Amino acid sequence: MDAIINSISGLGNFALYFAVSILLLFVFKVVYAFVTPHNEWELVKVHKNQAAAIGFGGAMIGFSIALAGAVANSEFLIDFVVWGIVAIIAQSFAFALLRFTFMPKIADRIDKNEISAGTILAAVSISVGLLNAACMSY
């Protein structure tokens, strides 16, 4: 019985960090939609745009990887939230970097459902998320 009680002793912290993680994921979705010139949700839900689904899915995965790094390396909840906000900024920067340097027409290409553009966006987003998570392990 002690083993079970010991195993679930961290359940409160889990629930708190998980709830804050879901909240930060929602904030990321809102910020990301503001940063991008197209409405990912509309493109995916209404127009069944696969490029938008791939690109946005990659952005969500990249952000989640960075957020996981923040959880693993934070000592306190406020520390986690600060690094979660840093992750939102980094992922938004990844899209801006891609849009304004390497692929200036990426938004148009995603609107046109070009799978290659969505795949590159997903790859950049996941790459930035991995780098972001690694850099949080200072």
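Values quoted throughout were computed directly from the atomic coordinates according to the rules given, and no laboratory measurement underlies them. All of these numbers come straight from a predicted model, not from anything done at the bench. Here the Cβ is made from the backbone with ideal geometry for all residues, glycine too, and neighbour counts use every protein chain on show.
Could you check the range 102-117 and list, in sequence order, the residues that are assigned to a helix (DSSP H, G or I) and more than 15 Å from residue 35 (Cβ to Cβ)?
Residues of the range 102-117 that are assigned to a helix (DSSP H, G or I), as a first pass: 102, 106-111, 115-117.
Hits for the range 102-117 are 102, 108, 109, 111, 115, 116, 117.
Checking each residue in the range 31-49 for being hydrophobic (A, V, I, L, M, F, W, C) and surrounded by 10 or more Cβ atoms within 10 Å (Cβ to Cβ) picks out 31, 33, 35, 41, 43, 44.
Provide a single number: the residues in the range 82-130 that are of a type in the set (Val, Ile, Thr) and surrounded by fewer than 17 Cβ atoms within 10 Å (Cβ to Cβ). Can you show your working first?
Quick first cut of the range 82-130, residues of a type in the set (Val, Ile, Thr) only: 82, 85-86, 88-89, 101, 106, 110, 115, 119-120, 124, 126, 128.
Checking which are surrounded by fewer than 17 Cβ atoms within 10 Å (Cβ to Cβ) leaves us with 82, 85-86, 89, 101, 115, 119.
Total meeting the criteria: 7.
The residues in the range 72-84 that are part of a helix (DSSP H, G or I) and either in contact with a Ser or Thr (Cβ under 7 Å, 6 or more places away or on another chain) or without any contact (Cβ under 8 Å) to a residue 12 or more places away in the chain (or both) can be counted, and the count is 6.
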